[in-house]
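Read-outs throughout are calculated quantities, based only on the coordinates presented, and are distinct from any laboratory measurement. Treat the numbers as computed from the prediction; the structure is a model and nothing was measured. Positions of Cβ are backbone-derived with ideal geometry, glycine not excepted, and every protein chain shown enters the neighbour counts.
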Amino acid sequence: MDNHVKNELDTIKGIVLRWKESYLGWADPEGGNDYLLEEYSEEISTHVSPLVRRFWEGKHLTQDEVHEFLEYCYSQVEDLRNLIKKVETQQQDGSMHEFLKIMGSIK
């Protein structure tokens, strides 16, 4: 993979991580946050997958590289799920300090 493509993928990873941070900020400590996970996954499917597919179609990425990159992106959905669970747990425990640590852990 050439440097231009690597830089593009790094930029896309940064966007995916910023989306995750935004979705975590919308999490309701009282629960009912499944829709956030669905919307985050849909963002990746709608915006990231087609871009990566174009890199593959243009022979800039191998099929393995596409799989690895998309696996990374979708793993962020699971990471968001875990972070939201922590937010919900901290609401029950009432620890604002722990909540702030969670918010800081996504960077």
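Data overview
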{"quantity": "Trypsin sites (Lys or Arg not before Pro) within region 1-94, DSSP loop, no more than 12 other Cβ atoms inside 10 Å", "calculated": "59"}
{"quantity": "Volume in Å³ per residue [convex hull over Cα atoms, computed for region 3-104]", "calculated": "83"}
{"quantity": "Residue-count net charge about residue 6 - beta-carbon cut-off 14 Å; Lys, Arg +1, Asp, Glu -1", "calculated": "-4"}
